[in-house]
Amino acid sequence: MDTTIKSKKKPTFLVKLIIFIFLLIVLDFGIGNLLKYLYFKQDSGSLYRTTYALDSTRADILIFGSSTANHHYIPDLFEKAFHLPCYNTGRDGNTLLYSYAILKGVFKRYSPKIIILDINEQEFITNQDSYDRVTSLLPYYENHPEVRDIVKLKSPFENIKLLSKIYPYNSLIFTICVGNADFNKERITIKDQNGYVPLQNTWKGPVTTDTVFKKYPLDSTKINIFESFVKECIQRNIYLYICLSPKFKVEKYVDSSIEIVKHISKEFNVPFFNYSTDTFFLHHGDLFHDVNHLNGNGANIYSELVIRKILQKQ
Amino acid sequence: MAYYLVPVKFRNYFLIAVSAFFYIYAGPVYFLLLAGLILSNYLIGLKLDLSVEEKARKGYLVLGISINLGTLIFFKYWNFLGANLVKLLSVFHLGFNFPYSDILLPLGLSYYIFQFIGYLVDIYWKHEKAERDFPRFSLFILFFPKILVGPIERAGNLLPQLAKNIYFENDNIVEGGKRIAWGLFKKLVVADRIAMYQTAVMSTLDQQSGITILFATLLYSFQVYADFSGYTDIAIGVARLFGYNLIENFKRPFLAKNMGDFWRRWHISLSSWVNDYVFTPIAFKKRSWGILGVFYSLTLSFLIIGFWHGSTWNYLLFGLLQAVALMYEYATRKFRKKLARSVPTVIYNNLSILIMFLYVSFCLIIFRTDSFSSAGSIIKAIYTHPGGLFYDTPSTLFFILIGCMIMMLYDIQKESKIFRFNLFSNKNWIVQQVSYALLLIYIMLAGVFDGGQFIYLAF
């Protein structure tokens, strides 16, 4: 009887390494595609609003910008005043780079009649953060060639990072899950009115003076993007209005970016409405959610003011 | 890979070149400073080793320590000393223009200065022989994986390894890779995620509730641990890829049951350095003072540890708080032993761990701020600001808590083996591979890679 035991041959280092890399690729591909499916299956929430703005909206009035755009302009009021459908594409924490990418996506499909671009102080400041924020466009990189140039501004390695299927959905797993859950649709904080999300708080602090010196290194790329935004709207005969929202603070210094916005809008004959120094709002802290954002009541009053101003201009 | 393609006898030269490039890239002038220090310490080490007369040996040691400490003081503490001198003289209405320096702190200065001093003292004590081979000595200091955050290497550990020929070994690649993966997890998933929350909360302290500030304060302890030990894991892992074992710097510090235990687990290369070269010699010298000698040595040692971290009074106070806790422990050791016997071990141990964690978190409030008043305002705000917990979106909390939980479970498992089934050191290589693949996938899912993830501030 043969008593020798056949020993199991252990795989070599190279074989193990290949298996490990294969495992990583399979997991990345599988989980990445699952996240992609769930991401685009959402029909509410902040992520969905970007998808809707890029892929679906055909509204004649579009509002662009960051959180101040998203929380300050009530589409229902614009619809009533102009008898045209309106959608608010503003997104928290994003900048002009995001707005321009969305504009490109919209222009691929149609031309709206009126565009309101809400800009911020320090819009053209040189900092990496604003480029990093275009992370919110990563899920669209694959199927929306028009956003790629903006995404590539983030870093020269973005192409390599995007080889991973998971990377575009980095840090989004919980938001995507919540976006797909039924209870999400009931949540007041997520619920939007044609993109607009009202803020609830009432600011109780006093008016402060912003003493931050507003001369800073300017980013020519951002200035060029702003100029392109304006030019492309004019080329398509769109009524473009540039706005600076009210703040509950007094600015001690003139902001360099705002000076450039004034200059460019004057050059292209585009109306620029500056409400940042509006004394009415400076006397009504109850209209603010925090020093930079209006609450629902404030947004109501502000939207009406902007509508009146546009009607005067037209 | 390039390293292993280089012929064995040239591999150290290759590492010297890579390390030198790293320093030169960071600042060519600082590389010249480092090169000068390497040369002077090499020569002083040789002289110290070859000298027979005690007086000459002591002279070389004093010269070496003076050069190293002088460099450290000039680059790191000059402005601090100047500002305080000016303040002190102004009390006596004596004003003068102190020549403040605007030179940046050279990369890794505090780490390599301590390494130089340790090397010279070891030779003086005849624990080590001076390194004759200049390239090997240069690599002992320059070795790039440890430059940013240590560990502070010892001659006895690294120099013998550098003397050996290093050959490609699968184990080095696998173990190094595993260590890097854990380091990336700690840094990108835990530390950087908490850092976002910290920035959001601390930049708006006036508007945050006490519970939020308390939560941020407790999280800061995890952030510092994950950040520092994460970087160290990456350094140790990278060194292992090249075939070298750097000394361990962290051993599950948040499972420490007392302050002494904590400092045997936290920044071990610094605490053991101070223990060997400061505490023990002074405590021995002052042994006739009894308990006061111990207290004196402890205070001095921890003031050095505190001051090593930075040139502000806060770091000194941080060190002092550690010393106070250790003195308390030393004075009450008999009472605490009795107490431990009268309380069930599980309760006593866990309570000790909790108290330690809270005390360390409190000390880190001092550590993180740049003035006593800002530390005071954080502590005051914890008690006085009303309101609920700020967390932006639920996912912010989920990511932070899951990250901390995985990190702590890994530590607890290593410490006490509470789970029978071990994922990351399972004997079955497939289980291990799947575990590490999932770890990397989780890093991709939850890691903070840039400013793309942020906490939106709207109160």
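The values are calculated or read from the model by the stated rules, or taken from the named source; none is laboratory data. Fair warning: this is a prediction, and the values are worked out from it, not measured in the lab. Don't worry about glycine lacking a Cβ; one is built from the backbone with ideal geometry, like all the others, and counts go over all protein chains shown.
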Are any residues in the range B:422-452 touching a residue at least 12 places away in the same chain (Cβ under 8 Å), assigned to a helix (DSSP H, G or I) and within 9 Å of chain A (Cβ to nearest Cβ), and if so, which ones? B:Tyr436, B:Leu440, B:Ala446
Contact list, first residue from the range A:154-171 and at positive phi and facing chain B (nearest Cβ under 7 Å), second anywhere and buried (at least 16 other Cβ atoms within 10 Å of the Cβ) and in a loop (DSSP other than H, G, I, E, B), beta-carbon distance below 6 Å, six or more apart or interchain, is A:Ser171/B:Gln453
Identify the residue in the range A:247-277 that is in contact (Cβ under 8 Å) with a residue 60 or more places away in the chain, under 16 Å from A:Ile225 (Cα atoms) and touching a Phe, Trp or Tyr at 6+ places or on another chain (Cβ under 8 Å) and, among all such residues, is surrounded by the most Cβ atoms within 10 Å (Cβ to Cβ). A:Val261
What pairs come up if the first residue lies in the range B:125-139 and is modelled with pLDDT of 95 or more, the second is surrounded by 12 or more Cβ atoms within 10 Å (Cβ to Cβ) and assigned to a loop (DSSP other than H, G, I, E, B), and their beta carbons are under 7 Å apart, counting only those six or more places apart or on different chains? B:Phe137/B:Glu131
Would you mind finding the one in B:Lys58, B:Lys9 that is more than 23 Å from B:Leu109 (Cα to Cα), surrounded by fewer than 17 Cβ atoms within 10 Å (Cβ to Cβ) and under 31 Å from the mean Cα position of the chain (by Cα)? B:Lys58
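Return yes or no: is B:Phe399 part of a helix (DSSP H, G or I), in contact (Cβ under 8 Å) with a residue 60 or more places away in the chain, surrounded by 16 or more Cβ atoms within 10 Å (Cβ to Cβ) and within 14 Å of chain A (Cβ to nearest Cβ)?
For B:Phe399, the condition - part of a helix (DSSP H, G or I), in contact (Cβ under 8 Å) with a residue 60 or more places away in the chain, surrounded by 16 or more Cβ atoms within 10 Å (Cβ to Cβ) and within 14 Å of chain A (Cβ to nearest Cβ) - is met.
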Mind checking which helices (runs of 4 or more DSSP H) fall wholly inside the range A:225-314 and carry at least 2 residues that are under 25 Å from the mean Cα position of the chain (by Cα) and within 14 Å of chain B (Cβ to nearest Cβ)? A:296-313
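Could you tell me whether any residue of the range B:406-421 is within 9 Å of another protein chain (Cβ to nearest Cβ), buried (at least 17 other Cβ atoms within 10 Å of the Cβ) and closer than 20 Å to B:Ala226 by Cα?
Step one: of the range B:406-421, the residues within 9 Å of another protein chain (Cβ to nearest Cβ) are none.
No, the conditions are met nowhere in the range B:406-421.
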Criterion first (over 18 Å from the mean Cα position of the chain (by Cα) and surrounded by 12 or more Cβ atoms within 10 Å (Cβ to Cβ)) does B:Tyr112 satisfy it? no
Just to be sure before I move on: is B:Ile236 in contact with a Pro (Cβ under 7 Å, 6 or more places away or on another chain) and not basic (Lys, Arg) in the structure I sent? no
Which ones in the range A:244-262 are out of contact with any Lys or Arg (no Cβ under 9 Å at 6 or more places or on another chain) and closer than 20 Å to A:Lys309 by Cβ? A:Leu244, A:Ser245, A:Pro246, A:Lys247, A:Val261, A:Lys262
Within the range B:293-327, residues of a type in the set (Gly, Ala, Ser), touching a helix residue (DSSP H, G or I) at 6+ places or on another chain (Cβ under 6 Å) and under 21 Å from B:Tyr111 (Cα atoms) come out as B:Ser301, B:Gly306, B:Ser311, B:Gly319
If you check B:Asn84, B:Asn41, which single one turns out to be touching a Leu at 6+ places or on another chain (Cβ under 8 Å) and in a helix (DSSP H, G or I)? B:Asn41
For B:His93, only one of the following conditions fails: (1) in contact with a His (Cβ under 9 Å, 6 or more places away or on another chain); (2) part of a loop (DSSP other than H, G, I, E, B). What is its number? (1)
Being farther than 20 Å from B:Val6 by Cα, of a type in the set (Lys, Arg) and either loosely packed, with under 13 Cβ neighbours inside 10 Å or within 14 Å of another protein chain (Cβ to nearest Cβ) (or both) is the filter here; which residues of the range B:160-184 pass it? B:Lys178
Kindly evaluate B:Ser377 against the criterion of being away from every other protein chain (no Cβ under 14 Å), among the polar types (S, T, N, Q) and in contact (Cβ under 8 Å) with a residue 24 or more places away in the chain. yes
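More than 16 Å from the chain's Cα centre (by Cα) and assigned to a helix (DSSP H, G or I): which single residue out of B:Phe279, B:Phe262, B:Phe222, B:Phe228 fits that description?
On the way: B:Phe262 fails: more than 16 Å from the chain's Cα centre (by Cα); B:Phe222 fails: more than 16 Å from the chain's Cα centre (by Cα); B:Phe228 fails: more than 16 Å from the chain's Cα centre (by Cα).
Matching residue, one of B:Phe279, B:Phe262, B:Phe222, B:Phe228: B:Phe279.
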Give A:Ile115, A:Ile166, A:Ile150, A:Ile125 a once-over and let me know the one that is farther than 20 Å from A:Val230 by Cα and crowded, with 19+ Cβ neighbours inside 10 Å. A:Ile166
Qualifying residue in the range A:29-40 (condition: closer than 26 Å to A:Leu138 by Cα, within 14 Å of another protein chain (Cβ to nearest Cβ) and free of Cβ contacts under 8 Å to residues at least 12 places away in the same chain): yes
When B:Ser66 is run through (1) surrounded by 12 or more Cβ atoms within 10 Å (Cβ to Cβ); (2) at pLDDT 85 or above, the failure sits at (1)
Looking only at the range A:130-153, how many residues end up being in contact (Cβ under 8 Å) with a residue 12 or more places away in the chain and either in a helix (DSSP H, G or I) or within 12 Å of chain B (Cβ to nearest Cβ) (or both)? 15
Of all residues in the range B:153-178, how many are assigned to a loop (DSSP other than H, G, I, E, B) and among the basic types (Lys, Arg)? 2
Of the residues in the range B:224-279 that are touching a helix residue (DSSP H, G or I) at 6+ places or on another chain (Cβ under 6 Å) and among the basic types (Lys, Arg), the one that is surrounded by the most Cβ atoms within 10 Å (Cβ to Cβ) is B:Arg240
